[in-house]
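Structure first, commentary second.
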Amino acid sequence: MESVFEIIAEPNRRAILSLLAGAEQSVGDIERRLRMPQPTVSKHLRVLRDAGIVSSTVDAQRRLYRLQPGPLQEVDAWLAQFRRFWSAHIDALERHLNRMDRDRMDRRAPDKKKTSTRKTGGRSRP
């Protein structure tokens, strides 16, 4: 049996998982959204279902697939050792975006302080 890592190493399977992370999907929905032929989608869904990463239910004439995150906990546990590196980069990105936001607001602030008055005959007019 393949490990979860081997299963998700395949790009089409990762694309299917990304779709299913948002909402359950039918085979037809996955075909259309990923522009994959039905046999290819079915083959990948079978691998994912056999590994317990997705489950399916029958709804009238279609089969709906949904993500089962349990088996992905192995991947999550392995990635935990790397999160400290991401946190530093994400924190730096957040600081950078905050600075950009402040700079943009500072540039806008003088525009708000300007008044649109014209001097005519010693009086100002709005």
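Nothing in this text is a laboratory measurement; each read-out follows from the coordinates by a stated rule. Bear in mind the structure is a predicted one, so any value in this text is a computation, not a measurement. FYI the Cβ positions are ideal-geometry reconstructions off the backbone, even for glycines, and counts take in every protein chain you see.
Estimated from helical segments only, the mean residue ellipticity of the chain at 222 nm is -19000 deg cm²/dmol, where each DSSP H run of four or more residues counts as -39500 (n - 2.57). Relative protection proxy for 57-63, 68-74, from highest mean packing down: 68-74, 57-63 (other beta-carbon atoms within 10 angstrom). For the stretch 1-112, the residue among 75, 52, 93 whose Cα projects farthest onto the positive side of the dipole built from Cβ charges is 93. Among (i) 1.38; (ii) 1.25; (iii) 0.93, which is the computed Rg/Rh (Cα atoms, Kirkwood Rh)? Read-out from the structure maps to (i).
Count Lys and Arg as plus one, Asp and Glu as minus one, and take only other residues whose Cβ is under 13 Å from that of residue 22; the net charge is then 0.
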